[in-house]
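J.: Sharing a structure, written as structure tokens. Questions coming.
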Protein chains: 2
Amino acid sequence: MSLRHAVLGLLADTSASGYDLMKSFETSLDHVWHATQSQVYGELGKLTAAGLLEVSDEGPRGRKEYVVTPAGRDELRRWLTETEPVRQRRNDTLLRVFFLGELSTQEAVGFLEREAERCAGERAALEEVEKTVGRVEPFSVNGRLALEFGLRLATMQEEWARWAAAQVGAREKAAGAQDGAASHDASGRPVEPKDPESSER
Amino acid sequence: MSLRHAVLGLLADTSASGYDLMKSFETSLDHVWHATQSQVYGELGKLTAAGLLEVSDEGPRGRKEYVVTPAGRDELRRWLTETEPVRQRRNDTLLRVFFLGELSTQEAVGFLEREAERCAGERAALEEVEKTVGRVEPFSVNGRLALEFGLRLATMQEEWARWAAAQVGAREKAAGAQDGAASHDASGRPVEPKDPESSER
DNA sequence: TTGAGCATGTAAACTGTTACATGATTGT
DNA sequence: ACAATCATGTAACAGTTTACATGCTCAA
């Protein structure tokens with residue numbers, strides 16, 4: 001239910017139109033709380049009906065500018081101070097990792113290495129953003145903390161993917177040393193190695 | 001749409017009933033791909049209708065055991081090898097960080113420190129799991145890779161939260177040194193410091 | 001015989017995505 | 001005149017959550 005608080009939070013900083021908010025969602029908030037245009041306009045209506053927002057101005061092209069009401073600001077504070085963040089319960093990459101046993105060792109290693117590359121790319125992109133925003137104010141002071149989080153996450157994820165690829169690769173070697181044959185059955189799926197006493201962490 | 005693949009993936013390992021699957025979702029997959037009982041039973045029906053699963057056995061209490069069909073295994077492989085993981089686009093904690101400006105410096109630092117504690121707790125819990133699973137096989141080989149990811153994530157997140165708390169705290173000090181007064185306005189919200197030349201990263 | 005655990009399902013409400021639909025204003 | 005961009009909204013569908021509803025089996 002945090003779309004509501006994302007909208008409230010953005011408007012707490014400066015009043016804006018739905019269109020303006022969408023630009024914030026697409027740029028600064030894109031990796032933090034993704035939202036579609038449909039959702040934003042819908043939520044603006046609901047928040048206004050609930051008395052947490054008000055239309056402060058109407059401009060050309062039917063533009064409506066919204067401001068947070070005192071009740072809205074209270075709700076935002078309540079959310080920040082009295083409710084626990086709900087943590088992520090889904091991670092597509094990790095889900096795939098669980099089922100890597102369906103692939104050959106080579107395929108699994110390939111998957112993890114592509115993952116590492118993806119993260120490296122992401123980190124590079126974030127480093128670019130960091131340079132770009134420099135000391136420019138529009139990018140919120142606290143947004144900078146979030147950016148740092150993204151950077152650390154991408155770094156960690158890349159390191160993990162490389163480590164995991166090495167782990168899976170080591171399993172292959174261990175199995176190969178045991179029976180001297182390719183460790184796949186007819187279906188191309190890997191054979192479970194008996195005891196891969198692999199480690200290094 | 002990965003609930004489908006989570007179910008397929010679990011059944012690719014061993015055939016099971018909806019009830020059995022739910023236990024997997026609640027234990028090993030809980031942090032990786034959360035699902036509710038409603039969803040699982042619904043998806044089993046859809047997958048069977050689509051020919052990706054079959055009921056292999058019916059036991060007491062209306063128990064139905066499902067197996068993956070060759071088509072199901074193909075679909076699983078296709079998903080693993082030919083589709084890109086979709087990455088997370090929402091993070092409640094980070095969203096809150098964006099709006100920390102609504103709180104006093106003390107409150108913001110408190111938020112970040114609580115966050116650090118939460119992560120420390122999580123890490124401890126995962127370390128416990130790691131010890132518990134030991135060399136027990138039911139916990140998938142690749143699940144171990146996911147566990148390591150969780151461990152690294154919790155560690156990184158805790159470090160980040162402590163760093164961020166220090167950053168925010170440093171802003172307070174800088175502002176205090178400038179005007180020698182508490183940097184809050186009447187509403188208890190922080191006053192924007194002019195130029196907190198804080199760094200250390 | 002009773003309670004814990006096994007086992008399946010449905011309905012309603014809510015949240016999120018995709019696609020469509022419309023039109024005004026501004027700069028070139 | 002035209003394109004780009006501003007600007008708002010709706011509808012259909014897909015996915016998710018919460019709550020309800022039901023009944024069987026087994027061991028103590």
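J.: Go through the range B:83-110 and give me each residue that's over 17 Å from A:Leu147 (Cβ atoms) and more than 24 Å from the chain's Cα centre (by Cα).
T.: B:Glu102, B:Leu103, B:Ser104, B:Thr105, B:Gln106, B:Glu107
J.: Being surrounded by fewer than 14 Cβ atoms within 10 Å (Cβ to Cβ) and away from DNA strand C (no atom under 11 Å from the Cβ) is the filter here; which residues of the range A:24-49 pass it?
T.: A:Glu26, A:Thr27, A:Asp30, A:Gly45, A:Ala49
J.: May I pose another question? In the range B:70-89, which residue that is more than 28 Å from A:Ala35 (Cα to Cα) and at the interface with another protein chain (Cβ under 7 Å from one of its Cβ atoms) is surrounded by the most Cβ atoms within 10 Å (Cβ to Cβ)?
T.: Ranking the candidates gives B:Leu76 first.
J.: When the residues of the range B:26-51 are filtered to those that are more than 10 Å from DNA strand D (Cβ to nearest atom) and in a helix (DSSP H, G or I), which remaining residue is nearest to the other protein chains (Cβ to nearest Cβ)?
T.: Among residues in the range B:26-51 that are more than 10 Å from DNA strand D (Cβ to nearest atom) and in a helix (DSSP H, G or I), the one nearest to the other protein chains (Cβ to nearest Cβ) is B:Glu26.
J.: Moving to a separate point now. Kindly check whether there is at least one residue in the range B:174-183 that is buried (at least 19 other Cβ atoms within 10 Å of the Cβ), touching a His at 6+ places or on another chain (Cβ under 9 Å) and at pLDDT below 95.
T.: no
J.: Output the residues belonging to the range A:11-23 that are in a helix (DSSP H, G or I) and open to solvent by less than 30 Å² (accessible area, probe 1.4 Å).
T.: If the condition is that a residue be in a helix (DSSP H, G or I) and open to solvent by less than 30 Å² (accessible area, probe 1.4 Å), then A:Leu11, A:Ala12, A:Gly18, A:Leu21, A:Met22 are the ones that fit.
J.: Tell me, please, whether a residue that is open to solvent by less than 40 Å² (accessible area, probe 1.4 Å) and assigned to a strand (DSSP E or B) can be found in the range B:101-119.
T.: No: the range B:101-119 contains no residue that is open to solvent by less than 40 Å² (accessible area, probe 1.4 Å) and assigned to a strand (DSSP E or B).
J.: Test A:Arg63 against the criterion of being within 7 Å of chain B (Cβ to nearest Cβ), closer than 20 Å to A:Ala16 by Cβ and basic (Lys, Arg), and give yes or no.
T.: For A:Arg63, the condition - within 7 Å of chain B (Cβ to nearest Cβ), closer than 20 Å to A:Ala16 by Cβ and basic (Lys, Arg) - is not met.
The values are calculated or read from the model by the stated rules, or taken from the named source; none is laboratory data. These figures come from a predicted structure and were not determined experimentally. Cβ coordinates were reconstructed from backbone atoms using ideal geometry, including for glycine residues, and neighbour counts include every protein chain displayed. Please note that ligands, DNA and RNA were not included when accessible areas were found on the heavy atoms of the full protein model with its side chains. Shrake-Rupley method; radii C 1.70, N 1.55, O 1.52, S 1.80 Å.
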